[in-house]
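Q: Sending over a structure as structure tokens; questions will come in a sec.
Values in this text are rule-based calculations from the coordinates and carry no lab data. Remember, it's a predicted structure, so these values are computed and weren't measured experimentally. Please note: Cβ atoms are built from the backbone with ideal geometry, for glycine as well, and neighbour counts cover all protein chains shown.
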Amino acid sequence: MSATANPIVQTPAAWILPYRGKVAMGCLIVAESAIFTIFVVAYIFYIGKSLSGPVPREVLEVPIFFTICLLSSSLTVHFASKSLEHGKRGAFLGLWLLTIILGSLFLFGTGQEWHRLIYEHGLTISTNLFGTTYYSLVGLHAFHVTAGLLMLLIVLFFAIAGRVGPEQTARVEVLSMYWHFVDAVWVVVFTVVYILGR
Amino acid sequence: MSSDAIAIRTAGATSRQWLETLHGWVTTVDHKRLGILYIVYALIFLVIGGIEAFIIRIQLMRPHLDFVSPQVFNRMFTMHGTTMIFFVVMPVLFGFANYLVPLMVGARDMAFPRLNAFSFWLTAFSGILLYFSFLGGSGLYGAGNAPDVGWWAYAPLTARAFSPGHSSDYWTISVLVSGFGSIGTAINLIATILSMRCPGMKLSRMPLFAWMTLVMSGLVLIAITPLSAAQIMLLIDRYLGGHFFDTQAGGSAAIWMHFFWIFGHPEVYILVIPCFAFVSEIVPVFSRKPIFGYPVMVAATVCIGFVSMSVWAHHMFTIGMNSASNSFFVLTTMAIAVPTGIKIFNWLGTMWGGKIQFKTPMLFCIGFLFQFLIAGLTGIMLGAAPFNWQLSGSYFVVAHFHYVIVGGILFGLFAAFYYWYPKITGRMMSESLGKLHFWLFIIGFHLTFDVMHIPGFLGMPRRIYTYEPGRGWEIWNLLSTIGAFIQGIATLVFVANLILSYFKGAKAGNDPWDAWTLEWSVSSPPPAYNFSTTPAVASRRPLWDRKHPEDQDSRYE
């Protein structure tokens, strides 16, 4: 049958498609953004609708230091992957470790804030609408930070074992995309919870 | 003695072979095998969901019937809706997309084969979890086992106080997990379509099937996730004492409706866009003409994808929104009819002047065109807020969305089964049984669902387990039930056709329909690696180019 005959087609000279890892991470970020959007909408919708205290103005303090930590970790992860691309192994390891430390500091900050809210102000997830929306939105973000830290740690172990070289740059950049996303979400959460909601 | 030993050894060998086959299927990461698993899984749930539909129809056949108790009736319509949407139509569409997309874009597998297997097993176990509620759902004495809150599970019906025990938790977690599976597959499909196309397959040369799968997957990313978020909130309410949907603590029941329908309406398009894709592949082949208006089809699909995100509250006209919101959602709902109408005209334009072959797949496509049009028209009626205030929550709505899902989506799916069965199994499906299936099903369908609009007009509310005689509803309900049984018989013919043709069907060969897309260039069923050499294409119809070197499409592009 002529269907099996070879196609008379000239292959295009350059056939380059986007890297599948980046496409997939982009898709995941779109999906996660939709989830966060719903939680943010719920938070904004319920601002000031709690029937009992405590209310945000009484108990929330703006976490400026920990916010700076998280946002600057976006820079360090970016320069870490750039160093990897240029084969500077030491700089990569250092910056990568710094990213993990900054991320952990942020998580520590969240933990400290929750501890204070629970033990000093008696605010739990079931206290009032503020508690419900606050812990779920900030908790959802903290969950994503934790997941990101675990992935960063896995790469760190591989890097210490000498398995991460310039040829892995594309993969490291995929993880870096996720980390930037987690930081960008914090900008929204920070604005909504600590500025609009107070 | 020696013969005994041989018998034992052969028995051992066959059981080992059987185990190896099973092991091969359970651990597979091949997109074709996973596609088949999705499809078979969905067909099993189709039977289960169908049985639930029959229980509903038998109960409503006559007034004051006592076939099932009101409690069981509630469980049946909840499970019927949830099963059909999440565990029949979604998996079967993902199954076809899984099977066909890599073949159509000239790839050897999906972008992430292991993610593919993971997503399938998430979906599979979430379905099992939902049905496990029949056994494990009874947490408290007197609490129901299976979920009975309706498939949209409005608050505060799902609050602990009104839904004790674990039935709602099974529903929530099962839908949440199946959502994760859908997101995984959607990511995989998009990455495959954007990053795995063979040389020469520019976006403007992709089969429309791939285009529409791309749009559908994009919709999954932004429409399934709000449901996941809402389910997480519901779990927080039920397990941690949160107040998202707790009106006693200032929470809002209406916000659940918004979150649910932000998912719920795009979901309709997630289900129907792949059926548009089937029709867009099948109609040209059986009209012997290339698709009419390819770029417009793509644009209309993308347009539907966008507009479908802004129509959700037309499911909520009766909750008392302000007139600005009402007007907005009426207008967007009307607007979505425009790209959909463009599509219908394009399919008609493809058929116009073609040498139409009325094979079974084409018959189902024509049924789809006709019925989807009517479903769209009743949709426009319901999209007008004043009309909706009158008929919301009545059997008119039930008739409308079954027209979309059965008359549109299921007909598109049947067309896809008849069209791609030869590729998947290597055998043709029987044309005579196929035509019998088509005619029986179309008679049963119209008897059930045309008639069902009328009790809606006469004021019959949906989700009632029985009704008083003398309201003029009896004859219509009886006819609907008879139609349902005709559809059931037609489905049995279909299943018989699937099974008989697998063993007795005529050998299909590579390209039984003389089609033009890449999946028909490989053997039926395709080898595990799909293509021995990576194909290269120069037009939208690569196989036409190969068959007609003197008149290639690529010359006109």
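Q: Taking K and R as +1 and D and E as -1, what net charge do the other residues with C-beta under 14 Å from the C-beta of A:H121 add up to?
A: Working: positive: A:R57, A:R116; negative: A:E58, A:E61, A:E113, A:E120.
Surrounding charge for A:H121 is -2.
Q: Nothing charged except the Cβ atoms of Lys and Arg (+1) and of Asp and Glu (-1): what's the magnitude of the dipole of chain B about its Cα centre? Round to the nearest 20 debye. Could you put the intermediate results ahead of the total?
A: On the way: 32 positive and 24 negative charges, 189 e Å.
Computed charge dipole of chain B: roughly 900 debye.
Q: Let me ask something else about it. Picking from B:I424, B:I304, B:F162, whose Cα lies most toward the positive end of the charge dipole for chain B (charges on Cβ: Lys, Arg +1; Asp, Glu -1)?
A: My answer, from the dipole projection, is B:I424.
Q: Just to confirm my numbers, what's the Cα centroid distance between the stretch A:64-122 and the stretch A:39-55 in Å?
A: Using only Cα atoms to place each centre, the spacing works out to 29 Å.
Q: Of all the Cα-Cα pairs you can form in the stretch A:64-198, what percent are over 18 Å apart? Working shown, then result.
A: Details: 5034 of 9045 pairs.
Value for the stretch A:64-198: 56 percent of Cα pairs lie more than 18 Å apart.
Q: Give the average, rounded to an integer, of partner chain Cβ atoms located within 10 angstrom of each Cβ in A:131-143.
A: On the way: counts 4, 12, 6, 0, 3, 7, 0, 0, 1, 2, 0, 0, 0.
Partner Cβ neighbours, averaged per residue: 3.
Q: Would you calculate a helix-derived [θ] at 222 nm for chain B, using -39,500 (n - 2.57) for each DSSP H run of n ≥ 4 and dividing by the full residue count, to the nearest 500?
A: Details: 17 runs with 365 residues, N = 557.
Theoretical 222 nm ellipticity from helices: -23000 deg cm²/dmol.
Q: Starting from the Cα of B:F162, step 7 Å along the direction of its Cβ; do the same at A:S126; then give the gap between the two resulting points in nm.
A: 2.0 nm
Q: Work from the charge dipole of chain B (Cβ charges, +1 for Lys and Arg, -1 for Asp and Glu, about the Cα centre) and give the residue of B:S539, B:T82, B:A97 farthest towards its positive end.
A: Checked the options; the winner is B:S539.
Q: Same structure, new question: Over the stretch B:305-381, consider all pairs of different Cα atoms and compute the Kirkwood hydrodynamic radius from their mean reciprocal separation; express it in Å, one decimal. Display every interim value, and only then the final one.
A: On the way: mean 1/r = 0.0689 Å⁻¹.
Evaluated over the stretch B:305-381, this radius sits at 14.5 Å.
Q: Among B:P527, B:L271, B:M61, pick out the residue whose Cα is farthest towards the positive end of the charge dipole of the stretch B:29-556, where Lys and Arg carry +1 and Asp and Glu carry -1 on C-beta, about the Cα centre.
A: Result: B:P527.
Q: Still on this structure, I have one more. State the Cα centre-to-centre distance between the stretch A:154-198 and the stretch B:470-491 in whole Å.
A: Between the Cα centre of the stretch A:154-198 and that of the stretch B:470-491, the gap is 58 Å.
Q: May I ask for the distance between the Cα centers of the stretch B:517-557 and the stretch B:358-394, given as a whole number of Å?
A: 36 Å
Q: DSSP loop (so not H, G, I, E, B), at most 15 other Cβ within 10 Å: list which chymotrypsin sites (Phe, Trp or Tyr not before Pro) in the stretch B:387-445 pass both filters. Please list the in-between numbers first.
A: Working: sites: B:F387, B:W389, B:Y395, B:F396, B:F401, B:Y403, B:F411, B:F414, B:F417, B:Y418, B:Y419, B:W420, B:F438, B:W439, B:F441, B:F445; in loops: none.
Hits after loop and neighbour filter: nothing returned.
Q: If you don't mind, another one. Net charge within 15 Å of B:S174 by Cβ-Cβ distance, Lys/Arg positive one each and Asp/Glu negative one each, not counting B:S174 itself?
A: Numbers: positive: B:R75, B:R238; negative: B:D148, B:D169.
Net local charge, B:S174 excluded: 0.
Q: How large is Rg over Rh for the protein assembly as shown, taking Rg from the Cα atoms and Rh as the Kirkwood inverse mean of 1/r across Cα pairs?
A: Ratio of gyration radius to Kirkwood radius: 0.99.
Q: While we're on this one: How big is the charge dipole of chain A about its Cα centre, in debye rounded to the nearest 20, if each Lys and Arg gets +1 on its Cβ and each Asp and Glu gets -1 on its Cβ? Please list the in-between numbers first.
A: Values: 11 positive and 9 negative charges, 60 e Å.
Dipole magnitude for chain A comes out near 280 debye.
Q: Another question about this same structure. For a quick protection proxy, order the peptides B:475-486, B:446-457, B:58-69 by their average other-Cβ count within 10 Å, most packed first.
A: Working: B:475-486: 18.5, B:446-457: 20.8, B:58-69: 15.2.
With the highest mean Cβ count within 10 Å placed first, the list reads B:446-457, B:475-486, B:58-69.
Q: Here's another thing I want to ask about it. How much length is gained on full extension from A:A161 to A:F65, taking 0.36 nm per residue of separation minus their Cα-Cα distance?
A: On the way: separation 96, 0.36 × 96 = 34.56 nm, distance 3.30 nm.
The span from A:A161 to A:F65 would gain 31.3 nm if fully extended.
Q: Still on this structure, please answer the following. Take every Cα-Cα distance within chain B, group them into 20 Å bins from 0 onward, and report for each bin the whole-number percent of pairs it holds.
A: In whole percents, the pair-distance histogram is 20, 55, 23, 2, 0.
Q: Sorted by packing (mean other beta-carbon atoms within 10 Å per residue), highest first, where do B:186-193, A:42-49 land?
A: Going by the mean number of other Cβ atoms within 10 Å, highest first, we get B:186-193, A:42-49.
Q: Would you work out the relative contact order for the stretch B:38-171, in percent, from Cα pairs under 8 angstrom that are 6 or more residues apart? Working shown, then result.
A: Working: 145 pairs, mean separation 36.0, N = 134.
Relative contact order for the stretch B:38-171 comes out at 27 percent.
Q: Using 0.36 nm times the number of residues separating B:V72 and B:A253, minus their current alpha carbon distance, what extension gain do you get? Provide the component values of the computation, followed by the final result.
A: Working: separation 181, 0.36 × 181 = 65.16 nm, distance 2.52 nm.
Length difference between fully extended and current span is 62.6 nm.
Q: Averaged across B:240-249, how many Cβ atoms of other chains sit within 10 Å of each residue's Cβ atom?
A: Working: counts 7, 6, 10, 13, 8, 1, 3, 0, 1, 9.
Taking the mean over all residues of the peptide, I get 6.
Q: Additional query: Rounded to the nearest 0.05, what FRET efficiency do B:F358 and B:I443 give with R0 = 25 Å and r taken as the Cβ-Cβ distance? Could you check? All intermediate terms of the calculation are to be shown ahead of the outcome.
A: Values: r = 17 Å, r/R0 = 0.69.
With a Förster radius of 25 Å, E is 0.90.
Q: Residues of B:536-544, mean number of Cβ from any other protein chain within 10 Å of their own Cβ, rounded to a whole number? Display every interim value, and only then the final one.
A: On the way: counts 6, 2, 6, 1, 0, 0, 2, 3, 0.
Per residue, the number of nearby Cβ atoms from other chains is 2 on average.
Q: At most 14 other Cβ atoms within 10 Å and a DSSP loop assignment: could you name the trypsin sites (Lys or Arg not before Pro) in the stretch B:296-384 that fit? Please report the intermediate quantities before stating the final value.
A: Values: sites: B:K343, B:K355, B:K359; in loops: B:K355, B:K359.
Of the trypsin sites (Lys or Arg not before Pro), the ones in loops of the stretch B:296-384 whose Cβ has at most 14 other Cβ atoms within 10 Å are B:K355.
Q: How high is the FRET efficiency from B:T466 to B:L235, r the C-beta distance, R0 41 Å, rounded to 0.05?
A: Working: r = 34 Å, r/R0 = 0.83.
With R0 = 41 Å, the Cβ-Cβ based efficiency is 0.75.
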